[in-house]
Amino acid sequence: MRDIHELKRLISPAPKPQSLVCDGPNLWMGSRQTGRIYQINPATWTVVWETAAPGTPWGMTAVNGELRVICGETAEDNRIIRRCLPGHGFDAKFGLPCPDDTGSQLGYDGHRLHVSQWYPKKVLVLGNEGQVERTIHVPHGICGQVIVGGIIYLITTDAEETNEYCLTRVDPRPETPKIDDLARISFPARALAFDGKNFWTNHREANQIVSFVRPD
């Protein structure tokens, strides 16, 4: 399998970048260390706005001009999907518990949220009330997710402590989804975002955010 073609590596505005999403002109990053969400201008690589999250921001996606963030809350790291309003902050009244209290990454297909579960190797398609409407099984652990044109792209691995990660494509349209590993990622990547042309991910332990070519 070929390696991804990296375009640039940039120093993260905050240490331990964990979650990541693009919403057009902005790149949003959630830091595992600071517990904050950062709005980044990719052209100038400056932070435009930031806010504290109600827990560790494990995963994040954009929903109609807003953000949905999987937060790990309390000493038990309970996983709850929260609503963040750019320029304002988190909505204290909104909270969807993750199924089985487990979830690490989020995607949105224009209609439904998709929660990925790393160790169970599943993508769960959620209804409006957070109920599971479909379960998609994948062959690897999942540590990044973004949906592009109805296709689910994942960062996956079979060995978390190594540098053996890959970009996996899941076509959910057939009854049995079509799954292909597209490219090797030679570092422990976290999260996946798409800016309309290229992918972005985090090299969390190096405190870097990486842009790379969409291989398909």
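Odds and ends about this structure:
- Where labels lie 7 Å past Cα in the beta-carbon direction, separation of ALA52 and LEU7 in nm: 3.5 nm
- The Kirkwood radius of the range 94-174, taken over pairs of alpha-carbon atoms, gives through the Stokes-Einstein law at 37 °C and 0.692 mPa s a diffusion coefficient of 256 µm² s⁻¹.
- Å² of accessible area per residue within the range 19-70, as computed with a 1.4 Å probe and no ligands counted: 37 Å²
- 15 Å beta-carbon shell around ALA206, net charge (K/R +1, D/E -1): +4
- A crude spin-label estimate for the pair ASP158 and ASP101, with each label 7 Å from Cα along the Cβ direction, gives 3.2 nm.
- Volume per residue for the range 16-98 equals 82 cubic angstrom (convex hull of Cα atoms).
- Solvent exposure of the range 141-190 amounts to 40 Å² per residue of accessible area, where only protein heavy atoms count and the probe is 1.4 Å.
- In nm, spacing of pseudo-spin labels at ASP91 and GLU175 (7 Å Cα→C-beta vector): 3.7 nm
- Between the range 171-215 and the range 73-131, the alpha-carbon center distance in angstrom: 20 Å
- Protein heavy-atom surface of the chain, 1.4 angstrom probe: 47% of the accessible area is carbon and sulfur, with nucleic acids and ligands not counted.
- With Cα atoms as the point set, the range 1-52 shows a radius of gyration and Dmax of 12.1, 40 Å.
- Convex hull volume of the chain per residue (C-alpha atoms, cubic angstrom): 113 Å³
- Where the Cα pairs of the range 126-171 fall when distances are cut into 10 Å bins, in %: 25, 46, 25, 5
- The stretch between ASN64 and TRP45 holds 4.5 nm of extra length on full extension. This uses 0.36 nm per residue minus the Cα-Cα distance.
The values are calculated or read from the model by the stated rules, or taken from the named source; none is laboratory data. Just so it is clear, the model here is predicted, and its values are computed rather than measured. In this analysis, Cβ positions are derived from the backbone assuming ideal geometry, glycine residues included, and neighbour counts consider all displayed protein chains. Note: areas computed on protein heavy atoms with side chains; ligands, DNA, RNA excluded. Shrake-Rupley method; radii C 1.70, N 1.55, O 1.52, S 1.80 Å.
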